[in-house]
Structure formats: structure tokens, C-alpha cells
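K.L.:
Mind looking over this structure? Questions follow.
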Amino acid sequence: MWRLKNGDVEVSELREGGQLVATELRIPLSDRMDLAREVVEEGAALAAAAEVRLVDPQLGRALSANDAGAVADQFLRTARYAGEMMGVSEAVAASYAAPPEGMPTGLKVLLVIGGGFFLLYLLVDKLLSQMGG
């Protein structure tokens with residue numbers, strides 16, 4: 001764990017084929033972007049001191065401390081998507097919308113179509129009974 005002013009960062013090794021290829025920095029998904037900005041700024045300073053690159057795989061490029069805003073924006077989009085579409089409750093809890101009241105639109109359409117066929121059946125039955133009688 002790497003403790004920063006705005007929260008904790010999980011630090012782990014990223015290996016491919018048994019080879020250490022990178023150090024991974026993970027922060028929890030949320031609607032607070034302060035930690036994302038701080039990680040980029042502090043990570044860029046550490047990377048410069050160690051003469052390595054800080055890379056954001058979502059943006060697909062190396063980062064500097066000046067990229068904190070772009071990373072934070074992408075982080076927020078990811079957190080919102082995780083919260084709204086994927087149901088990750090810890091991502092952005094405030095983004096959940098209240099469930100709609102009443103019947104879903106698709107069910108209403110099916111009921112109207114079914115009702116129309118039922119009325120058509122009654123009409124045809126009535127006409128056939130008049131013609132046969």
C-alpha cells in the first residue's frame with residue numbers, strides 16, 4: 001500500500017510470462033478524482049527520479065504530471081460506466097438512478113399488440129358467425 005494524502009494506492013507487480021514488466025498502481029473506483037490526480041502527479045515524479053515511464057493503459061501513452069486532468073477525466077468516465085452499466089456499487093453509488101415506476105415500455109407494447117389481436121379475433125368470429133347463421 002502506498003498512502004497518499006487523498007487515499008491509499010495498491011501497488012503490485014505486473015508480470016507477463018514470468019517476467020516483471022511493470023509496477024501497477026490501483027485506486028478504488030469512485031466519483032472523487034483527487035486521488036487519481038495525486039497518483040499521476042506523485043507517480044510521474046517517482047518515474048522521473050527512477051528514470052522509467054509512467055503509462056496509463058486506458059489512454060495508451062506515457063504520462064507526465066501535466067496529464068493529471070486527462071487521467072482524472074478518463075477515471076471518472078470509467079467509474080461512472082462501472083457504476084451505471086456494470087452494477088459496481090462501490091464505483092459511483094450516486095450515479096444509480098431510481099428504478100422506473102410502472103410497467104416497462106416493452107411490456108406495454110406487447111400488451112397493446114396482444115389486445116389488438118384479441119379484438120381482431122372477436123371481430124372475425126362475430127363476422128363468421130353472422131355469415132354462417
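K.L.:
Filter the stretch 65-87 for residues that are open to solvent by less than 50 Å² (accessible area, probe 1.4 Å) and at pLDDT 75 or above and give the result.
P.N.:
Residues satisfying the conditions are 65, 67, 68, 69, 70, 71, 72, 74, 75, 76, 78, 79.
K.L.:
Within the bounds of the stretch 116-132, is there any residue that is touching a Leu at 6+ places or on another chain (Cβ under 9 Å), surrounded by fewer than 16 Cβ atoms within 10 Å (Cβ to Cβ) and modelled with pLDDT under 90?
P.N.:
So far as the stretch 116-132 goes, no, none of its residues is touching a Leu at 6+ places or on another chain (Cβ under 9 Å), surrounded by fewer than 16 Cβ atoms within 10 Å (Cβ to Cβ) and modelled with pLDDT under 90.
K.L.:
Out of the stretch 11-23, which residues are within 19 Å of residue 52 (Cβ to Cβ) and either in contact with a helix residue (DSSP H, G or I) (Cβ under 8 Å, 6 or more places away or on another chain) or open to solvent by 60 Å² or more (accessible area, probe 1.4 Å) (or both)?
P.N.:
11, 13, 14, 15, 16, 19, 20, 21, 23
K.L.:
Take the residues in the stretch 24-58 that are closer than 17 Å to residue 14 by Cβ and touching a helix residue (DSSP H, G or I) at 6+ places or on another chain (Cβ under 7 Å); name whichever of them is surrounded by the most Cβ atoms within 10 Å (Cβ to Cβ).
P.N.:
Ranking the candidates gives 54 first.
The values are calculated or read from the model by the stated rules, or taken from the named source; none is laboratory data. The shown structure was predicted, so the numbers you read here are calculated from the model rather than taken from an experiment. Neighbour counts run over all protein chains shown; Cβ positions are idealised from the backbone, glycine included. The protein model used for the area step is the full one, side chains on, heavy atoms only, and it has no ligands, DNA or RNA in it. Shrake-Rupley method; radii C 1.70, N 1.55, O 1.52, S 1.80 Å.
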